[in-house]
Structure formats: structure tokens, C-alpha cells
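What follows is a set of notes on a single structure, which appears directly below.
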Amino acid sequence: KEYMLNLLSWDAMRFYDQYIITVAIFYVIRYFEYTQRKEQEKSQLALKNKEMQLALLKSQINPHFLFNTLNSISMLISSSKEKARKVITQLSDVFRYALDSHSGELVKLVHELEFIENYIKIQQVRFGTRLKYVVEVEPGCTSLEVPPMILQPLVENSVKYGIGPKDDGGTINLIIKRVEDGIYFEVTDDGLGKNASKVLDGKSTGVGLKNSNRRLMSIFGRRAGLKIEAREDGYTVKFVIPVIKNYEPAVTKEVAELIEH
């Protein structure tokens with residue numbers, strides 16, 4: 001009885017209060033440590049994901065493109081050194097743009113179009129008049145921002161699987177215009193289409209095409225993914241992206257430099 005009464009004393013109650021408070025603080029600290037650890041794991045996973053995206057972006061310029069371009073330059077040197085120098089300059093611009101794209105920042109559409117134009121001009125050295133390129137850009141769209149090198153894999157697939165294998169060649173059309181949901185992009189060619197040895201049906205194993213699709217969905221959501229159609233008379237690849245006013249790069253400059261090194 002005396003022991004039980006002591007448990008109910010004021011001093012004893014104060015001791016139990018301190019114990020309960022101490023236990024509560026302990027579990028609060030454990031909870032915050034758990035939350036912080038989860039955030040660190042999430043950040044590490046995000047960084048690894050960005051490392052993978054940057055690695056894919058670095059490999060997006062097809063080695064065959066470089067090999068074929070160097071062959072074209074080699075042939076031009078004997079016939080026209082001026083044309084050879086021009087192609088070398090264009091190739092330098094293409095690779096400079098590709099290297100500058102590792103920061104994760106969006107770029108002006110006008111710069112992306114200049115990059116595609118240089119890429120096409122280099123390909124035209126190889127294919128000559130068999131490869132034609134038509135651009136239709138709605139006024140006011142060139143100042144918009146897009147992921148760098150997002151159009152190159154689409155154009156490359158048209159050249160490689162649509163126009164290149166076709167005896168009489170063909171035309172690649174790039175259409176960019178405003179729509180209700182955002183900005184509409186379309187790359188269409190009149191090449192082999194379904195008759196190509198490798199049909200661009202959305203199941204392609206091409207790294208560049210898959211990378212473009214993943215990057216679009218990662219930045220703009222699943223609705224911005226590529227829509228691909230293989231026809232008898234060519235390919236069509238299209239997507240719509242919303243206009244982003246305030247965009248924070250997915251990879252900081254410091255992280256990009258670290259990954260690059």
C-alpha cells in the first residue's frame with residue numbers, strides 16, 4: 001500500500017512525465033531520421049536516373065553517322081576542299097550542340113532547328129538530291145523552349161529507314177504549330193514506310209527514339225509521349241508538349257560536370 005501511494009506522489013508523476021516525454025522525443029527523432037534517409041535514397045535514385053539520361057544523350061549521335069560523314073569529307077577533299085571545309089564546320093556545330101546539351105536545360109526552338117538543319121545538310125552530302133527537307137514552323141514558335149536534341153532521333157529514323165533505302169529517295173517534312181493543348185510537332189517522310197526492313201511501329205529498339213520518348217514523358221508527362229504511325233508511303237512521328245514558363249533544370253551544372261568527367 002505504501003509503495004502504491006508513492007507511485008501516486010507528485011515527484012513520481014513528474015518522473016513518469018519526463019519518461020514519457022523522453023520516449024516521445026526519441027520516436028520523433030527516429031521518425032525524422034527515417035524520413036531524411038528516404039529523401040536521400042530518393043535523391044540518389046533521381047541522380048542515377050539523370051546520369052542514365054545524360055549517358056543516353058551522349059550516345060544519341062549515331063556512330064554510323066560520324067563514320068559516313070568522315071567518308072564523305074574524305075571524298076570531298078579530292079574534289080572540293082571548300083565543300084569539305086564546310087562539312088567539317090557543320091559537323092563541328094552538330095557535336096558542339098550535342099556536348100552543350102548535357103546541362104539538362106531546355107533550349108530555344110530556333111537553336112534546335114539550326115542543329116537539325118546542319119544535320120540534314122551533312123546527310124545531303126551523302127544522299128545528294130535524293131534527300132529533301134521541308135520545314136513548316138508557325139510564326140512565334142521559334143522562341144519556345146524544348147529539350148535539346150529531341151527532334152534528331154526522329155529525323156535520323158526517317159533518313160535511315162525511310163529515305164535512305166529508297167531508290168529515288170524522298171522528302172522529310174517537319175511541322176511545328178500551336179494547338180489548343182500546347183505545341184504540336186510532326187516529322188513525316190514519304191519513304192518506304194511499312195515496307196522498310198525495320199518498321200518504326202513504336203516497338204523499335206533504337207536508343208535515340210526510346211530516349212526521346214522517355215525524356216518527353218519525364219519532363220512533360222505521359223501525354224507528351226511519341227505517337228508513331230507506319231504507313232505504306234512513309235512514317236509519321238508526332239507529339240505535343242505544353243508551354244513551360246518556369247522550368248528548373250533536372251540536372252544542376254555541378255552535377256552535369258561531375259557526370260561528364
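The values are calculated or read from the model by the stated rules, or taken from the named source; none is laboratory data. What you are looking at is a predicted structure, and each value in this text was computed from that prediction instead of being measured. Counting neighbours? That spans all protein chains shown, and the Cβs are built from the backbone with ideal geometry, glycine included.
Out of the residues in segment 136-177 that are more than 21 Å from the chain's Cα centre (by Cα) and among the small types (Gly, Ala, Ser), state the one that is surrounded by the fewest Cβ atoms within 10 Å (Cβ to Cβ). Result: 140. So is residue 157 polar (S, T, N, Q), assigned by TED's automatic domain parsing to the domain that holds residue 216 and in contact (Cβ under 8 Å) with a residue 40 or more places away in the chain or not? Criteria met by residue 157. In summary, residue 78 fulfils each of the numbered conditions (1) without any contact (Cβ under 8 Å) to a residue 40 or more places away in the chain; (2) buried (at least 18 other Cβ atoms within 10 Å of the Cβ) with the single exception of condition (2). The residues listed here are 150, 183, 175; of these, the one that is in the same structural domain as residue 116 (by TED's automatic domain parsing), among the aliphatic types (A, V, I, L, M), within 19 Å of residue 240 (Cβ to Cβ) and not in a strand (DSSP E or B) is 150.
Does segment 67-75 contain any residue that is within 20 Å of the chain's Cα centre (by Cα), modelled with pLDDT under 80 and buried (at least 17 other Cβ atoms within 10 Å of the Cβ)? No, segment 67-75 has no match at all.
Just to check your reading of the model, which residue among 53, 90, 40, 60 is part of a helix (DSSP H, G or I) and modelled with pLDDT under 65?
Numbers: 90 fails: modelled with pLDDT under 65; 40 fails: modelled with pLDDT under 65; 60 fails: part of a helix (DSSP H, G or I).
Being part of a helix (DSSP H, G or I) and modelled with pLDDT under 65 holds for just one of 53, 90, 40, 60, which is 53.
Within segment 181-212, the residues that satisfy the criterion of being modelled with pLDDT of 85 or more and either charged (D, E, K, R) or more than 25 Å from residue 167 (Cβ to Cβ) (or both) are 182, 183, 184, 185, 186, 189, 190.
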